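Chemist: Sharing a structure below in structure tokens format, with a few things to ask.
Here, each number is a calculation from the coordinates, and none is a lab measurement. A quick note: this is a predicted structure, and the numbers were derived from the prediction, not measured. Using ideal geometry, Cβ is built from the backbone for each residue, glycine included, and neighbour counts are taken over all protein chains shown.
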Amino acid sequence: MSDTVRTRIAPSPTGDPHVGTAYVALFNYALAKKHGGQFILRIEDTDRTRSNTASEEMIFEALRWLGLEWDEGPDVGGPSGPYRQSERSEIYTEHAERLVATGDAYPCFCTRERLTELRAHQRENKLALGYDGHCRSIAPEEAAARRSAGEDHVIRLAMPDEGETTVIDLLRGEIRIDNAQVDDQVLVKSDGFPTYHLANVVDDHLMGITHVIRAEEWISSLPKHVRLYEAFGWDLPVFCHLPLLRNADKSKISKRKNPVSLNHFRRAGFLPEALLNYLALMGWTMPDEREEFTRDEFIDQLTLERISLGGPVFDLDKLTWLNGKYMRDLEPQEILERLKTLWLSDEYLLKVLPLAHERIETLQDFFEYAAFFFTGDVDYDDAARKKLLAKGRTGPQTAKLLRQLLEDFIDPLLQWTAESIEDALRRFCEKYEVTAKEIFMPVRIAVTGRAATPPLFDTMAVLGKEVCRSRMRRAIEVLRTIK
RNA sequence: GACCCUAUCGUCUAGUCCGGUCAGGACACCGGCCUUUCACGCCGGCAACACGGGUUCGAAUCCCGUUGGGGUCACCA
């Protein structure tokens, strides 16, 4: 096993499946395949308040849609399971206790209030932020006694406060960081669950991961991870930090500024093989600079060393162009098959049909009446623009309302049904003290482009979350320009 | 703010390790050709080595500094 390449993607199931997950997964997948090794899917659901199974399901589906099939994972099993961190609690507890026993970690009884005050004080006096090691000096016997008495506590990593840690990143080479500025990271939370740092290191080791390929945002916590490997006496894997995908303004890619949900790309009709190809182009090039290539060609040619480090801007235009090339290469029959999986399935048509049924007089009317169920973004003509405004409010004011509705009530929805949508809209009305009458028409126009539609919630349910969100974003942009 | 990462056309990038081509390709944009139209396709154009110092006959490439961009600084991952 030691000479087999084993890689993993370790997403956290806390929302819609992210394009960044697919990006990192692709490189992990390809490296494992290139060397005849294994690609593992591990679900990092140690944040009990945010993790949920609906998100986990979506990750499975999205990764499979892209063809990034895993060799071991929660749903397929494997020799190093379980692959869901919430099912591995005893393992983390046991490992954390090992560190406490050797003095590499210690119990900390500080309250959240104390930590908040500490942080405020540090901020005020422009000191370095971080835990001050308050509980580190508690004698082990005393700490043990307090723990068994049931006192609330966490387990912290005892980071050396002198010297420096040298870590090696495959792409960047040596990175040196003073230990003094590395915090005593919490390893086990007061609820008994591990934090990312502990769980990740323990699992990567136990699962025999040889190459840790993940996003650049993890570089700063590398010293903590290295310290953990050392404390456990384990060999280090190869670390390779991929550049972060960016918005057009170079900030870390985010859903405010870009479509980031893999569900969006699927619903918008991008071909998985084209998306994958495009993702491979982010920071990487074929030796011959060819831009169109298959997943297997990518696997064949991949060398991590060819990855460039400037954060690549995710460019929808170029993705769309590439997707077009793939489309043109498909036979009409194949296009038909793909259309059938999206808009021309009996399943989808039978959802749309009942909504149009009573409102049409000839069969042909269906296509006119239900057009917005099949198009991408919708246009807002002058009449629509007028009704896009909430009563008594300006364009920008309505835009702000819609944005709050979208970000605080629509985006977080895990269940997308007429009931859950209605509930979200009504909760929104209550919180912002707007009436249903005021806001429902703007929402209706936003998601359909029309004032006359089937019932709003049913319509939105059938359109799907991604289509609604994309059209609402568009409407918000339009509203900002209306006085 | 501290620390870390990073820097070639608007965007994705080749070239950088082993200094020496008009700094190459792609998207977007602009022109033209093809075509009943549009699209595709083809041809052409616009467009970059962040800045300042060195080293050198010669620097995108090596060294130093500056600046810009990004990330991290949670009992989230």
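Chemist: Summing +1 for each Lys or Arg and -1 for each Asp or Glu, what net charge is found among the other residues whose Cβ lies under 10 Å from the Cβ of A:Met327?
Modeler: Values: positive: A:Lys325, A:Arg328, A:Arg338; negative: A:Asp329, A:Glu334.
Residues close to A:Met327 contribute a combined charge of +1.
Chemist: How big is the antiparallel share of DSSP beta bridges in chain A, given as a percent to the nearest 5? Write down the numbers at each step before the final one.
Modeler: On the way: 16 of 29 bridges.
Taking every DSSP beta bridge within chain A, about 55 percent pair in antiparallel fashion.
Chemist: Near the amide H of A:Ala105, under 5 Å away, which other amide H atoms are found, from residues 5 or more places off or on another chain, if H is placed in the peptide plane?
Modeler: A:Val100, A:Ala158
Chemist: While we're on this one: To the nearest 10 degrees, how steeply does helix A:346-357 sit against the main Cα axis of chain A, on a 0 to 90 scale?
Modeler: For A:346-357 against chain A, the angle is about 50 degrees.
Chemist: Mind listing the phi-derived Karplus ³J(HN,Hα) values for the range A:101-108, rounded to whole Hz, using 6.51, -1.76 and 1.60 with θ = phi - 60°, and x for any glycine or proline?
Modeler: Working through the residues one at a time gives 4, 8, x, 7, 8, 8, x, 10 Hz.
Chemist: Continuing with this model, one more query. Determine the sum of side-chain charges near A:Val352: Lys and Arg each +1, Asp and Glu each -1, restricted to other residues whose C-beta is under 15 angstrom from that of A:Val352. Working shown, then result.
Modeler: Numbers: positive: A:Arg267, A:Lys340, A:Lys351, A:Arg359, A:Arg450; negative: A:Asp346, A:Glu347, A:Glu358, A:Asp365, A:Glu368, A:Asp458.
Spelling it out: positives minus negatives among the neighbours equals -1.
Chemist: Looking at chain A, identify the longest residue range that excludes and avoids all GluC sites (Glu not before Pro) in DSSP loops having at most 15 other Cβ atoms within 10 Å.
Modeler: Within chain A, the longest run free of exposed GluC sites (Glu not before Pro) spans A:163-288.
Chemist: Please give me the summed charge of the neighbours of A:Lys34: other residues whose Cβ is under 11 Å from its Cβ, Lys and Arg +1, Asp and Glu -1.
Modeler: Details: positive: A:Lys33; negative: A:Asp296, A:Asp300.
So the surrounding residues net to -1.
Chemist: What is the fewest-to-most order of A:His211, A:His357, A:His197 by other Cβ atoms lying within 10 Å of their Cβ? Could you put the intermediate results ahead of the total?
Modeler: On the way: A:His211 22, A:His357 11, A:His197 18.
Least crowded to most crowded, the residues run A:His357, A:His197, A:His211.
Chemist: Within a 10 angstrom radius of the beta carbon, how do A:Arg42, A:Arg84, A:Arg359, A:Arg328 rank from fewest other beta carbons to most?
Modeler: Details: A:Arg42 26, A:Arg84 20, A:Arg359 13, A:Arg328 8.
Taking fewest neighbouring Cβ atoms as first place, the list is A:Arg328, A:Arg359, A:Arg84, A:Arg42.
Chemist: Based solely on its DSSP helices, what 222 nm [θ] is calculated for chain A when runs of n ≥ 4 H residues each add -39,500 (n - 2.57) and the sum is averaged over all residues, nearest 500 deg cm²/dmol? Intermediate results must be reported in sequence, preceding the final value.
Modeler: Working: 20 runs with 220 residues, N = 483.
That comes out to -14000 deg cm²/dmol.
Chemist: With no other cysteine's Cβ closer than 4.7 Å, which Cys residues of chain A count as lacking a disulfide-compatible partner?
Modeler: A:Cys110, A:Cys240, A:Cys429, A:Cys468
Chemist: If you filter the range A:88-171 for trypsin sites (Lys or Arg not before Pro), then keep DSSP loop positions with at most 13 other Cβ within 10 Å, what is left?
Modeler: Values: sites: A:Arg88, A:Arg98, A:Arg112, A:Arg114, A:Arg119, A:Arg123, A:Lys126, A:Arg136, A:Arg146, A:Arg147, A:Arg156; in loops: A:Arg88, A:Lys126.
The qualifying sites are A:Lys126.
Chemist: Kindly write out, for the range A:467-474 in residue order, the coupling ³J(HN,Hα) from the Karplus curve 6.51 cos²θ - 1.76 cosθ + 1.60 (θ = phi - 60°), rounded to whole Hz, with x marking Gly and Pro.
Modeler: 3J(HN,Hα) across the range A:467-474, in whole Hz: 5, 4, 5, 5, 5, 5, 4, 4.
Chemist: Applying the Karplus parametrisation 6.51 cos²θ - 1.76 cosθ + 1.60 with θ = phi - 60° to the phi angles of the range A:33-46, what ³J(HN,Hα) value in whole Hz is obtained for each residue in order, glycine and proline being reported as x?
Modeler: Working through the residues one at a time gives 5, 4, 9, x, x, 10, 10, 10, 9, 10, 8, 9, 10, 7 Hz.
Chemist: Can you list the trypsin sites (Lys or Arg not before Pro) in the range A:225-257 that are in a DSSP coil and have 15 or fewer other beta carbons within 10 angstrom? Could the numbers behind the result be given before it?
Modeler: Working: sites: A:Arg227, A:Arg246, A:Lys250, A:Lys252, A:Lys255, A:Arg256, A:Lys257; in loops: A:Lys250, A:Lys255, A:Arg256, A:Lys257.
The qualifying sites are A:Lys250, A:Arg256, A:Lys257.
Chemist: Separate question: Going by amide H atoms built from the backbone, whose H comes under 5 Å of the H on A:Val238, apart from near neighbours?
Modeler: A:His211, A:Val212
Chemist: Pull up all non-local amide H partners of A:His18: gap of 5 or more, or a different chain, and H-to-H distance under 5 Å with H placed in the peptide plane.
Modeler: Excluding prolines and chain starts, which carry no amide H, the hits are A:Leu262.
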